[in-house]
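The values are calculated or read from the model by the stated rules, or taken from the named source; none is laboratory data. Computed from a predicted structure; not experimentally measured. Every residue, glycine as well, gets a Cβ built from its backbone with ideal geometry; the counts of neighbours run over all protein chains shown. The accessibility values were calculated without ligands, DNA or RNA, using every heavy atom of the protein model including side chains. Shrake-Rupley method; radii C 1.70, N 1.55, O 1.52, S 1.80 Å.
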Amino acid sequence: EVSRNLAETGTFTVQDPATGKLVPFARRVPVFHAATAVIIRLFGPDMSWQFAVFNILLSTATVLLGAALFCSLAGPAVGILGGYLMALNPNSLYYSVQILPDTLFSLFVILAAIIGLRALRAGSLKWYLGWGFSIGFAALIKPVFKYFWAAPLLLPLGVKALRENALKKAALLLAGFALAVSPWLVRNYTELKLPGFESDFGMNTIWATTD
């Protein structure tokens with residue numbers, strides 16, 4: 001319903017059962033609904049097989065990027081083996097044909113890992129901004145990722161080589177994260193007085209999530 005309303009009206013809304021009017025929705029985060037709305041706009045509301053094809057392409061891209069990541073970390077043999085294991089993972093096979101956000105989320109988690117690895121190896125400050133943005137974008141697909149920005153901030157405590165410009169890197173990572181999530185958080189607070197990523201029947205879930 002949310003994706004259909006977004007495709008038709010351009011708003012994240014659901015129908016209030018009591019009044020029949022559209023009201024702002026924040027029980028889930030926006031990116032998956034936005035992607036689904038694009039498919040509805042392109043193919044109409046009966047788009048099950050088109051979405052399945054889209055999801056399979058996302059799953060394939062996730063496996064290929066995962067293989068590339070493993071290859072970069074440990075060589076071609078590990079890359080190929082890791083790609084095979086990802087492709088044969090039952091969860092990967094199951095979610096690749098479901099109208100659920102998990103496949104899209106997996107793709108952007110892998111992208112965040114690739115960008116993060118690039119930031120750690122290159123040491124370039126701009127990559128930390130991209131790393132933070134990719135973490136924030138993934139959190140807008142499934143909010144279970146919304147606290148992951150804290151993990152990179154702890155790395156300099158245990159890895160001496162990462163301590164150079166650690167404060168600048170941390171600031172850029174947080175800025176990238178904020179750049180990704182701020183529009184959604186501002187929208188939630190402006191329209192629903194909700195200071196968080198999502199709600200669940202009106203309960204603020206900034207500290208916990210059912211995902």
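Among Leu22, Leu111, Leu172, the residue with the largest mean-square fluctuation in a Gaussian network model of the chain, with springs joining Cα atoms closer than 10 Å, is Leu22. Taking amide H positions as modeled 1.01 Å from N, with prolines and chain starts lacking one, the residues under 5 Å from Val14 and 5 or more places away or on another chain are Val23, Phe25.
For region 29-182, carbon and sulfur atoms together expose 74% of the accessible surface, with a 1.4 angstrom probe and every protein chain in place.
Taking loop as defined by DSSP and a crowding limit of 12 other beta carbons within 10 Å, which GluC sites (Glu not before Pro) in region 121-205 fit?
Numbers: sites: Glu164, Glu191, Glu198; in loops: Glu164, Glu198.
Those that pass, being in a loop and sparsely packed, are Glu164.
Size estimate for region 122-182 follows the Kirkwood approach: the inverse of mean 1/r over distinct Cα pairs works out to 11.5 Å. Comparing Gly123, Gly158, Gly66 in a Gaussian network model of the chain (Cα springs below 10 Å), the most mobile by mean-square fluctuation is Gly158. Comparing Pro30, Pro17, Pro76 in a Gaussian network model of the chain (Cα springs below 10 Å), the most mobile by mean-square fluctuation is Pro17.
Each label was represented as a point 7 Å from its Cα along the Cα-to-Cβ direction; for Ala122 and Thr11 these points are 4.2 nm apart.
Placing R0 at 41 angstrom, the Cβ-Cβ distance between Arg4 and Ala74 gives a FRET efficiency of 0.40 after rounding to 0.05. For the chain, the membrane-span-like helices by this rule, meaning whole DSSP H stretches whose C-alpha atoms cover at least 24 Å of axis and whose Kyte-Doolittle mean is 0.5 or above, are 48-74, 102-122, 166-192; this says nothing about an actual membrane. Amide hydrogen proximity for Leu194: with H placed 1.01 Å from N in the peptide plane, the residues at 5 or more positions away or on another chain lying under 5 Å are Tyr189. Between Lys21 and Leu155, the contour length at 0.36 nm per residue exceeds the alpha carbon distance by 43.4 nm. Toward the positive end of the charge dipole of region 78-211, about the Cα centre and with charges on Cβ (Lys, Arg +1; Asp, Glu -1), which of Ala151, Ser199, Leu100 goes farthest? Of the options given, the answer is Ala151. Normalised by 2.2 N^0.38 Å, with N the number of residues, the alpha-carbon radius of gyration of region 28-128 equals 1.23. The calculated 222 nm mean residue ellipticity attributable to helices in the chain amounts to -21500 deg cm²/dmol, summing -39500 (n - 2.57) over DSSP H runs of n ≥ 4 and dividing by all residues.
By how many nm would the segment from Leu81 to Val38 grow when fully extended, if each residue of separation counts as 0.36 nm and the alpha-carbon distance is taken off?
12.0 nm
Return an integer: the convex hull volume of the alpha-carbon atoms of the chain, in Å³ per residue. Before the final figure, lay out the partial values.
Values: hull volume 29.2 nm³, N = 211.
Hull volume over Cα atoms, normalised by residue count, gives 138 Å³.
Full extension of the chain between Ser48 and Leu93 yields a length gain of 14.5 nm, computed as 0.36 nm times the residue separation minus the alpha carbon distance.
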